[in-house]
Amino acid sequence: MLHHRLLQRLQRLRRRGLQNSPILWAVVLAALLEVVFHGFRFRVPVPPRELDTPFYTTCQEPDVTAPRENAAIVMLARNEEVEQARRSVESLERHFNQWFKYPIVFLNDEPWSDEFIQTLNATTSAEAIFDYVPKKDWLFPEWIDQEDAKASMKAQGESGILYAGKETYHHMCRFFSGYFYQVEALKKYKWYWRLEPDVEFSCAITYDPFREMVRHNKIYGFTIALFEEKRTCPSLFRKVSDWKEAENIPSTSMWNAGVTASWVPWPFRGHMSWFSHRDRHGDGWNTCHYWSNFEIADLDFFRGEKYQSLFQKLDKDGGFYYERWGDAPVHTLAVNMLAKPHQIHHFADIGYRHDTFYQCPANAPGGQLPESKTLNSAKETWAPELEGGVGCRCECDGRKSLNIPSYCHDKLRAPNTMRRPWSTWFLSWIYA
Ligand SMILES: *[C@@H]1O[C@H](CO)[C@@H](O)[C@H](O)[C@H]1NC(C)=O
């Protein structure tokens, strides 16, 4: 209403031929200033140095006798993915689990085939547990109109949104967003490492990441962050930020780093909320998200009251079906909002590939422990060592797939990281 009056006023000024009037200029100046001040609210101080460095930047002699954390590697798979699952487990075995022997929990929404059980059990030297996703977690909830949802998914699929035409894909995203954390098979664990079929590790992981997460007070670790395909979740940011406001949750620097302040001046800014990826005030989300097919994280964070209440709200909304909300953007917005920035860790030293995207660090100069007998069981050749490298025996020459610089939260990068893409970003010290 206010801005209608403002508009009328401007029109009146124009009719009177007052384009050059000081009042008009004052209004324009005020609007500009307002936009600048508004932008400042989302400013994230650029850290003077890296605040989230890798736990180790050279190879370590794996400590095979140290106590382990209460943790499991978890893979959701289908029987027909036996070969892809085997490749992932074999790669993790060779680069990590042959020394650390964390149990692997396999989850399926259907009965396991003997072939899958035998093949995967034989691929890991650690304990393998074959369990199930409860049927109720893989069905439409009762508040979803199935006819509607199916029509909507069909339309999404036809418009070319990746996997959006597949009903099970929607169930899976919803499962990984919330019910995953309640699964009986994971109740006894505190930590999980999510593993997917058809991924590949390209560096030796010679320390226990769970242990380091605990030691450094971290709760969420990732390897790759990228921008979401925008059509999968047009209303997700609005729903999450509405919940955030209702719960009176202050903005962390990580939350602000994902927000693009609107350049439209008050009081017109609110109208921007009609567009997708905008909150009720009209500010936008850049869709940068941690790629959740790799996660090393604290189950208690996601089982906690705050996260579960956010998930319930999103689940009731139906966006897992009427849109194609992925668990990655859901996890990301929640972690950036509810965790302290210094509790988030980028595993810049872990070489990882899924689909066509990968992260592969350069090898640390002088840090490859060439005479280590233990490490030679993983690999005896590796890519050249490079200044600034943080990897251990990484092999990633000649890859054609896309090398993702691992962060899209550009606002959080220390200035000297621009030339060192594999170094880590970030973290506002105010919360440290
Ligand atoms: C996996 O293999 C081990 C040793 O070969 C065996 O003791 C165990 O029972 C097997 N587990 C399953 C689930 O088949």
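The values are calculated or read from the model by the stated rules, or taken from the named source; none is laboratory data. Predicted model only: the values in this text are computed from it and were never measured. Methodologically, a virtual Cβ is constructed for each residue, glycine included, from the backbone with ideal geometry; neighbour enumeration extends over all protein chains shown. Surface accessibility is based on the protein's heavy atoms, side chains included, excluding ligands, DNA and RNA. Shrake-Rupley method; radii C 1.70, N 1.55, O 1.52, S 1.80 Å.
The set of residues in the range 155-184 that are basic (Lys, Arg) and not in a helix (DSSP H, G or I) contains only 166.
Against the list (1) assigned to a loop (DSSP other than H, G, I, E, B); (2) more than 30 Å from residue 151 (Cα to Cα), the condition residue 375 fails is (1).
No other residue among 157, 165 is more than 16 Å from the ligand (Cβ to nearest atom), free of Cβ contacts under 8 Å to residues at least 12 places away in the same chain and in contact with a Lys or Arg (Cβ under 8 Å, 6 or more places away or on another chain) apart from 157. When the range 13-22 is filtered for residues that are open to solvent by less than 100 Å² (accessible area, probe 1.4 Å) and at pLDDT below 75, the ones remaining, listed by number, are 13, 17, 18, 19. Screening residue 232 with (1) open to solvent by 10 Å² or more (accessible area, probe 1.4 Å); (2) under 30 Å from residue 272 (Cα atoms) gives one miss only, at (1).
Pairs meeting the criteria (first residue in the range 82-96 and in contact (Cβ under 8 Å) with a residue 40 or more places away in the chain and surrounded by 16 or more Cβ atoms within 10 Å (Cβ to Cβ), second residue among the hydroxyl-bearing types (Ser, Thr, Tyr) and not in a helix (DSSP H, G or I), beta carbons under 6 Å, at least 6 apart or on different chains) are 89/124.
No other residue among 328, 348, 339 is at pLDDT 95 or above and over 26 Å from residue 169 (Cβ atoms) apart from 339. Please determine whether any residue of the range 190-197 is touching a strand residue (DSSP E or B) at 6+ places or on another chain (Cβ under 8 Å), at pLDDT 95 or above, outside any strand (DSSP E or B) and more than 24 Å from residue 334 (Cα to Cα). Taking every residue of the range 190-197 in turn, at least one turns out to be touching a strand residue (DSSP E or B) at 6+ places or on another chain (Cβ under 8 Å), at pLDDT 95 or above, outside any strand (DSSP E or B) and more than 24 Å from residue 334 (Cα to Cα). Count of the range 198-208 residues, restricted to those that are open to solvent by less than 20 Å² (accessible area, probe 1.4 Å) and part of a loop (DSSP other than H, G, I, E, B), is 7.
Looking only at the range 166-193, residues that are among the basic types (Lys, Arg) and open to solvent by less than 10 Å² (accessible area, probe 1.4 Å) come to 1 in all. When the range 110-146 is filtered for residues that are more than 17 Å from residue 323 (Cβ to Cβ), open to solvent by 60 Å² or more (accessible area, probe 1.4 Å) and more than 16 Å from the ligand (Cβ to nearest atom), the ones remaining, listed by number, are 110, 135, 136, 139, 142. Of all residue pairs spaced 6 or more apart or on separate chains, those with beta-carbon atoms under 7 Å, a first member in the range 116-129 that is β-branched (Val, Ile, Thr) and a second member that is open to solvent by 40 Å² or more (accessible area, probe 1.4 Å) and more than 8 Å from the ligand (Cβ to nearest atom) are 119/86; 123/86; 123/90. Listed conditions (1) of a type in the set (S, T, N, Q); (2) over 26 Å from residue 137 (Cβ atoms); (3) at pLDDT 95 or above are all met by residue 235, apart from (2). Screening 84, 60, 98 for residues that are touching an Asp or Glu at 6+ places or on another chain (Cβ under 6 Å), over 30 Å from residue 269 (Cα atoms) and modelled with pLDDT of 95 or more leaves exactly one candidate, 84.
Hey, among the residues in the range 92-109 that are within 26 Å of the chain's Cα centre (by Cα) and more than 16 Å from the ligand (Cβ to nearest atom), which one's nearest to residue 354 (Cα to Cα)? Checking each candidate, the answer is 92. The one condition from (1) open to solvent by less than 50 Å² (accessible area, probe 1.4 Å); (2) modelled with pLDDT of 95 or more that residue 261 does not meet is (2). Condition test on residue 382, is it at pLDDT 85 or above, aromatic (Phe, Trp, Tyr) and part of a loop (DSSP other than H, G, I, E, B)? The answer is yes for residue 382. Just one of the listed residues (57, 65) is under 21 Å from residue 100 (Cβ atoms) and free of Cβ contacts under 8 Å to residues at least 24 places away in the same chain, and it is 65.
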